[in-house]
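Q: Take this structure, written in structure tokens, and hold onto it; I'll ask about it next.
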Amino acid sequence: MDFSSVKGKVAIVTGASRGIGEAIAKIFGENGMKVVCAARSVEQGQAVADAICADGGDAVFIQTDCSDVSQIKNLVDKTVEHYGKLDGIVSNAGIGQGGSPLHEYEMEDYDKIFALNSKGVFAGMKYGAEAIFKSHSQGGFLINVASIAGIIPQRGQALYTATKHGVVGMTKVAALDYAPYGITVNAICPGYTKTSIFGNAPEQALTFFAKDCPAGRMGNPEECGYLALFLASDLARYITGAAIPVDGALSAGHQNVSTWKHPLFD
Ligand SMILES: NC(=O)c1ccc[n+]([C@@H]2O[C@H](COP(=O)([O-])OP(=O)(O)OC[C@H]3O[C@@H](n4cnc5c(N)ncnc54)[C@H](O)[C@@H]3O)[C@@H](O)[C@H]2O)c1
């Protein structure tokens, strides 16, 4: 596939200091996009931008706390100041919180997770779309990193599930809003993906996640990165309003008839 249409496109990636955001930023950089890496950690975020430049790409780091709307506006303004335009934004920064029944969450948990996963994504889409319009971008895009929790509710994850369903909803509405103007809006919905989210998980838990997935393994962050590259390219101009799972069929259905085998495979 020819991804040369992305060359020279300017894109912001939030939460680019590690995990899925880092993979997306690096894959964008490798393919000739100008990448603005946004994250809170100066050390880690700058290291990702430096690695892209060391590989012959073009990237800068802008320190941003994506749970603060004014910092997201500043991120978009600074990007346009630096590169002269904006073609797309990947709103990836997000936190997980879960593993308890709804009543055990505190009200403060609600504010914390909604500030980043919902309000932060809304602000990225709003200020991103404004700048893409002003840039008269041909082939503009908004990509949100949601989750399979945006498609299928996850037990014990009331707040995370609510935010990710909200992201999928906003994605679809914005796709309707911007389709006449040629700006695509899509959500990537990762399943169990090997990032720092699972950093402290015991081996037993990782084995469980791999087994729970029909593909029999966890995903790699790059598998989301290549989908983001495709969605950013002009090959995907007719794909908009989609929430696309990258999950080894985890969200496709139940595996409860797990012992059944097709006779042809015996
Ligand atoms: N890893 C998975 O299995 C998985 C599954 C479904 C969805 N997701 C989603 O993918 C996205 C990325 O997650 P990940 O697995 O790469 O996690 P990660 O923890 O490895 O990376 C998260 C990134 O977001 C950044 N971040 C966190 N809070 C921030 C803030 N306030 N401001 C700016 N940046 C902030 C972190 O610094 C980091 O760069 C999240 O939205 C997450 O909900 C991940």
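The values are calculated or read from the model by the stated rules, or taken from the named source; none is laboratory data. Note that the structure is a prediction, hence the values are computed from the model and not measured. We place every Cβ from the backbone using ideal geometry, glycine too, and count neighbours over all the protein chains shown.
Q: Within the stretch 1-44, restricting attention to residues that are within 7 Å of the ligand (Cβ to nearest atom) and either at pLDDT below 95 or assigned to a strand (DSSP E or B) (or both), which residue is nearest to the chain's Cα centre (by Cα)?
A: Within the stretch 1-44, the match that is nearest to the chain's Cα centre (by Cα) is T14.
Q: Of all residues being more than 11 Å from the ligand (Cβ to nearest atom) and not in a loop (DSSP other than H, G, I, E, B) in the stretch 185-205, which is nearest to the chain's Cα centre (by Cα)? Just the residue, please.
A: Checked the stretch 185-205; the qualifying residue nearest to the chain's Cα centre (by Cα) is N186.
Q: Just name the residue that is modelled with the lowest pLDDT out of those in the stretch 195-248 that are among the acidic types (D, E) and surrounded by 13 or more Cβ atoms within 10 Å (Cβ to Cβ). Steps first, answer last, please.
A: Of the residues in the stretch 195-248, the ones among the acidic types (D, E) are 203, 212, 222-223, 234, 247.
Those still in the list that are surrounded by 13 or more Cβ atoms within 10 Å (Cβ to Cβ) too: 212, 222-223, 234, 247.
Values: D212: 93, E222: 98, E223: 98, D234: 97, D247: 98.
So, considering only residues that are among the acidic types (D, E) and surrounded by 13 or more Cβ atoms within 10 Å (Cβ to Cβ), the one modelled with the lowest pLDDT is D212.
Q: From the residues in the stretch 134-167 that are near the ligand (Cβ under 10 Å from one of its atoms) and either among the polar types (S, T, N, Q) or in contact with a Leu (Cβ under 8 Å, 6 or more places away or on another chain) (or both), which one is nearest to G88 (Cα to Cα)? Break it down into steps so the answer makes sense when it comes.
A: First, pick out the residues of the stretch 134-167 that are near the ligand (Cβ under 10 Å from one of its atoms): 144-150, 154, 160, 163-164, 167.
With the extra rule that they be either among the polar types (S, T, N, Q) or in contact with a Leu (Cβ under 8 Å, 6 or more places away or on another chain) (or both), the set shrinks to 144, 147-148, 154, 163.
Working: N144: 11, S147: 20, I148: 23, Q154: 30, T163: 22 Å.
That would be N144.
Q: How many residues does the stretch 76-99 contain that are at pLDDT below 95 and more than 21 Å from the chain's Cα centre (by Cα)?
A: Of the residues in the stretch 76-99, 1 are at pLDDT below 95 and more than 21 Å from the chain's Cα centre (by Cα).
Q: Please verify whether A93 is assigned to a helix (DSSP H, G or I) and touching a strand residue (DSSP E or B) at 6+ places or on another chain (Cβ under 7 Å), treating the condition exactly as stated.
A: no
Q: Is there any pair with a first residue in the stretch 23-51 that is of a type in the set (F, W, Y) and a second that is more than 9 Å from the ligand (Cβ to nearest atom) whose Cβ atoms are under 6 Å apart and which are 6 or more apart or on different chains, and what are they?
A: Correct list of pairs: F28/A11; F28/V35.
Q: If you take the residues of the stretch 249-266 that are among the hydrophobic types (A, V, I, L, M, F, W, C) and outside any loop (DSSP other than H, G, I, E, B), which of them is modelled with the highest pLDDT?
A: Filtering the stretch 249-266 for residues that are among the hydrophobic types (A, V, I, L, M, F, W, C) and outside any loop (DSSP other than H, G, I, E, B), the one modelled with the highest pLDDT comes out as L264.
Q: Out of curiosity, is F114 in contact with a helix residue (DSSP H, G or I) (Cβ under 9 Å, 6 or more places away or on another chain), farther than 28 Å from Q44 by Cβ and modelled with pLDDT of 95 or more?
A: Numbers: in contact with a helix residue (DSSP H, G or I) (Cβ under 9 Å, 6 or more places away or on another chain): yes; farther than 28 Å from Q44 by Cβ: no; modelled with pLDDT of 95 or more: yes.
Criteria not met by F114.
Q: Being assigned to a loop (DSSP other than H, G, I, E, B) and either out of contact with any Gly (no Cβ under 7 Å at 6 or more places or on another chain) or more than 9 Å from the ligand (Cβ to nearest atom) (or both) is true for just one of D111, D65. Which residue is that?
A: Checking each option against the conditions leaves just D65.
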